[in-house]
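Q: What follows is a single structure, and I will ask about it in a moment.
The values are calculated or read from the model by the stated rules, or taken from the named source; none is laboratory data. Note that the structure is predicted; figures quoted are calculated from it, not measured. Here the Cβ is made from the backbone with ideal geometry for all residues, glycine too, and neighbour counts use every protein chain on show. Ligands, DNA and RNA are stripped out before the accessible areas are found, and what is left, the full protein with its side chains, is counted by its heavy atoms. Shrake-Rupley method; radii C 1.70, N 1.55, O 1.52, S 1.80 Å.
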Amino acid sequence: MKRGGKESEVTKISSEEDTREKSKKQRTTSENSQTCDWGNLLQDIILQIFKYLPLLDRAHASQVCRNWNQVFHMPDLWRCFEFELNQPATSYLKATHPELIKQIIKKHSNHLQYVSFKVDSSKESAEAACDILSQLVNCSLKTLGLISTARPSFMDLPKSHFISALTVVFVNSKSLSSLKIDDTPVDDPSLKVLVANNSDTLKLLKMSSCPHVSPAGILCVADQCHGLRELALNYHLLSDELLLALSSEKHVRLEHLRIDVVSENPGQTHFHTIQKSSWDAFIKHSPKVNLVMYFFLYEEEFDPFFRYEIPATHLYFGRSVSKDVLGRVGMTCPRLVELVVCANGLRPLDEELIRIAERCKNLSAIGLGECEVSCSAFVEFVKMCGGRLSQLSIMEEVLIPDQKYSLEQIHWEVSKHLGRVWFPDMMPTW
């Protein structure tokens, strides 16, 4: 009897465990059915998810259910779009499928507002971008960006073909606020069309490496587009007349002016000098402007620069720059906020750094690559700048130990003056 009682009790316990397990599975299934009803998600939520998907994935997702398909055709989904145009033979990047592009132009071109084109180095991709541009006759773009991932691209096209396509956008937009067209054959007449149709709305113009644009073309934009906030161009387009135009009473205060000073053939490029009075008028009108200058010059080409005070706030030297030039930076750039030097040579920059710390009271970021600075001078530089140095990127190879500090000691000393833990950057080894 006892044995039978025990067997009955075991059977009872096993039955209770089975019941609990089934109940748990049913509850889990019920919870999953309640939390994973993807087809009935709010359309606003699906819309936000779709915005992060590549076009092909977005198209596939639209076939899941009717609700998702409705979201796929909502105008808000097509206000911002990037066309990726790449040829498999010349690029490893994904490309927007041609059939999908046709569908977008057919059904959503009038919804497009923020458009960019990312093209590879092939002429075919640039031609495809122009063909799309020429079809955007029913849309009113607010931003347009033409981005070449590698040279050449748009520059290989017949100039008339490119200008014709771009003019379609300039004429039909009427409210273009941002235009980025680097490495393109845009010219002065096309800029006049831009101004004639978008002068009241244009706020950002970025056009580096556009050889067919003259200083007169840029001056036309500055004269008519009084709402410009940001302007980026090559140094050869910068002129005294342009700075004075940007300083007129009718013009709003420019917030960012970026200048690329580039030389690809040493000794073959002539760099003019901007008068100090023009810079003074510009800063008087826009006292908070950020003047960003990128230098890619050879040492013998720096002579026209830093001869008198200029209002630069951010300086980037992409090639080797001499001690003499850096010494002049300390004397002529009192508004300097950020300084990046990729290379200098084998002569220590002790005096130059100290001079920069003394005269550039707003300096908050500095980066040094292939340079040399003694540990003592570097500590003194940090001590003079103090906690305002929010960015301090110095390769360990830059710092030269001396009698006062070793590489092990400099970490603690610099951290003390910065008010936070600091270590020099290490050169990766791979």
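Q: Which residues, counting only those in the stretch 41-69, are within 31 Å of the chain's Cα centre (by Cα), assigned to a loop (DSSP other than H, G, I, E, B) and not basic (Lys, Arg)?
A: At the first step, the residues of the stretch 41-69 found to be within 31 Å of the chain's Cα centre (by Cα) are 44-61.
Remaining after also requiring assigned to a loop (DSSP other than H, G, I, E, B): 51-54.
Correct list: Tyr52, Leu53, Pro54.
Q: A further question on this structure: Give Lys180, Lys174, Lys192, Lys203 a once-over and let me know the one that is closer than 22 Å to Ser125 by Cβ and among the charged types (D, E, K, R).
A: Details: Lys174 fails: closer than 22 Å to Ser125 by Cβ; Lys192 fails: closer than 22 Å to Ser125 by Cβ; Lys203 fails: closer than 22 Å to Ser125 by Cβ.
Unique residue meeting the criteria: Lys180.
Q: Here's something else I'd like to know. Which members of the stretch 276-290 meet the condition of being open to solvent by 30 Å² or more (accessible area, probe 1.4 Å) and touching a helix residue (DSSP H, G or I) at 6+ places or on another chain (Cβ under 9 Å)?
A: Of all residues in the stretch 276-290, those open to solvent by 30 Å² or more (accessible area, probe 1.4 Å) come to 276-277, 280-281, 283-284, 287-288, 290.
Listed by number, the residues that qualify are Ser277, Ala281.
Q: Right, another one. If a residue has to be of a type in the set (Phe, Trp, Tyr) and open to solvent by 40 Å² or more (accessible area, probe 1.4 Å) to count, how many in the stretch 101-146 make the cut? Reasoning before the result, please.
A: Taking the stretch 101-146 and keeping what is of a type in the set (Phe, Trp, Tyr), we get 114, 117.
Now drop any that are not open to solvent by 40 Å² or more (accessible area, probe 1.4 Å), which leaves 114.
Summing the residues that are of a type in the set (Phe, Trp, Tyr) and open to solvent by 40 Å² or more (accessible area, probe 1.4 Å) in the stretch 101-146 gives 1.
Q: I need the full set of residues from the stretch 148-199 which are farther than 18 Å from Phe117 by Cβ and touching a Leu at 6+ places or on another chain (Cβ under 7 Å), in order please. Break it down stepwise before answering.
A: In the first step, residues of the stretch 148-199 are kept if they are farther than 18 Å from Phe117 by Cβ; the result is 160, 171, 174-175, 187-189, 191-193, 195-199.
Matches in the stretch 148-199: Asn198 only.
Q: Then there is this: Exactly one of these conditions fails for Asp324: (1) modelled with pLDDT under 95; (2) open to solvent by less than 40 Å² (accessible area, probe 1.4 Å); (3) not in a loop (DSSP other than H, G, I, E, B). Give me its number.
A: Going through the list (1) modelled with pLDDT under 95; (2) open to solvent by less than 40 Å² (accessible area, probe 1.4 Å); (3) not in a loop (DSSP other than H, G, I, E, B), Asp324 breaks only (2).
Q: Now for a separate question. Would a scan of the stretch 375-391 turn up a residue that is free of Cβ contacts under 8 Å to residues at least 40 places away in the same chain, in a loop (DSSP other than H, G, I, E, B), open to solvent by 30 Å² or more (accessible area, probe 1.4 Å) and within 27 Å of Ile283 (Cβ to Cβ)? Working first, answer last.
A: We begin by selecting, within the stretch 375-391, every residue free of Cβ contacts under 8 Å to residues at least 40 places away in the same chain; these are 375-390.
Now narrow it down to the ones that are in a loop (DSSP other than H, G, I, E, B): 389-390.
Applying the additional criterion that residues be open to solvent by 30 Å² or more (accessible area, probe 1.4 Å) yields 390.
Still in the list and also within 27 Å of Ile283 (Cβ to Cβ): 390.
Yes: one or more hits.
Q: Just to be sure before I move on: is His236 touching a His at 6+ places or on another chain (Cβ under 6 Å) and assigned by the TED database to the domain that holds Ser153 in the structure I sent? Give the steps one after another, and end with the answer.
A: On the way: touching a His at 6+ places or on another chain (Cβ under 6 Å): no; assigned by the TED database to the domain that holds Ser153: yes.
Spelling it out, it is not the case that His236 is touching a His at 6+ places or on another chain (Cβ under 6 Å) and assigned by the TED database to the domain that holds Ser153.
Q: Select from the stretch 392-418 the residues that are among the hydroxyl-bearing types (Ser, Thr, Tyr) and more than 16 Å from Val340 (Cα to Cα) and write down the one among them that is least open to solvent (accessible area, probe 1.4 Å).
A: Step one: of the stretch 392-418, the residues among the hydroxyl-bearing types (Ser, Thr, Tyr) are 393, 405-406, 415.
Right, trim to more than 16 Å from Val340 (Cα to Cα) and you get 405-406, 415.
Values: Tyr405: 33, Ser406: 35, Ser415: 17 Å².
Among those that are among the hydroxyl-bearing types (Ser, Thr, Tyr) and more than 16 Å from Val340 (Cα to Cα), it is Ser415.
Q: Output the number of residues of the stretch 151-171 satisfying the condition of being farther than 15 Å from Ser134 by Cβ, assigned to a loop (DSSP other than H, G, I, E, B) and open to solvent by 30 Å² or more (accessible area, probe 1.4 Å).
A: 2
Q: Ok, one more. Go through the stretch 77-134 and report how many residues are under 20 Å from Leu176 (Cβ atoms) and at pLDDT below 80.
A: Residues flagged as under 20 Å from Leu176 (Cβ atoms) and at pLDDT below 80 within the stretch 77-134 amount to 5.
Q: Something else about it: Tell me which of these Ala357 doesn't satisfy, since it passes every other one: (1) under 21 Å from Arg328 (Cβ atoms); (2) in a helix (DSSP H, G or I); (3) open to solvent by 10 Å² or more (accessible area, probe 1.4 Å).
A: Answer for Ala357: the failing condition is (3).
Q: Considering Val137, Val115, which residue is out of contact with any Cys (no Cβ under 6 Å at 6 or more places or on another chain), in a loop (DSSP other than H, G, I, E, B) and either touching a residue at least 12 places away in the same chain (Cβ under 8 Å) or small (Gly, Ala, Ser) (or both)? Step through it out loud before you land on a result.
A: On the way: Val115 fails: in a loop (DSSP other than H, G, I, E, B).
From the options Val137, Val115, the qualifying one is Val137.
Q: A follow-up question, please. Would you mind stating whether Ile310 is touching a Pro at 6+ places or on another chain (Cβ under 7 Å) and β-branched (Val, Ile, Thr)?
A: Details: touching a Pro at 6+ places or on another chain (Cβ under 7 Å): no; β-branched (Val, Ile, Thr): yes.
No.
Q: To continue, here is another question. Would you say His226 is open to solvent by 10 Å² or more (accessible area, probe 1.4 Å), in the same structural domain as Arg253 (by the TED database) and over 23 Å from Glu249 (Cβ atoms)? Talk me through it step by step, then tell me what you get.
A: Working: open to solvent by 10 Å² or more (accessible area, probe 1.4 Å): yes; in the same structural domain as Arg253 (by the TED database): yes; over 23 Å from Glu249 (Cβ atoms): no.
Against the criterion (open to solvent by 10 Å² or more (accessible area, probe 1.4 Å), in the same structural domain as Arg253 (by the TED database) and over 23 Å from Glu249 (Cβ atoms)), His226 does not qualify.
Q: Another one. From the set of residues in the stretch 184-207 that are crowded, with 18+ Cβ neighbours inside 10 Å and among the hydroxyl-bearing types (Ser, Thr, Tyr), which is nearest to Phe296 (Cα to Cα)?
A: Thr184
Q: Of all residues in the stretch 291-306, how many are in a loop (DSSP other than H, G, I, E, B) and open to solvent by less than 20 Å² (accessible area, probe 1.4 Å)?
A: Looking only at the stretch 291-306, we keep the residues that are in a loop (DSSP other than H, G, I, E, B), and these are 297-298, 302-306.
Narrowing the set further to residues that are open to solvent by less than 20 Å² (accessible area, probe 1.4 Å) leaves 297, 302, 305-306.
Going through the stretch 291-306 one residue at a time, the tally reaches 4.
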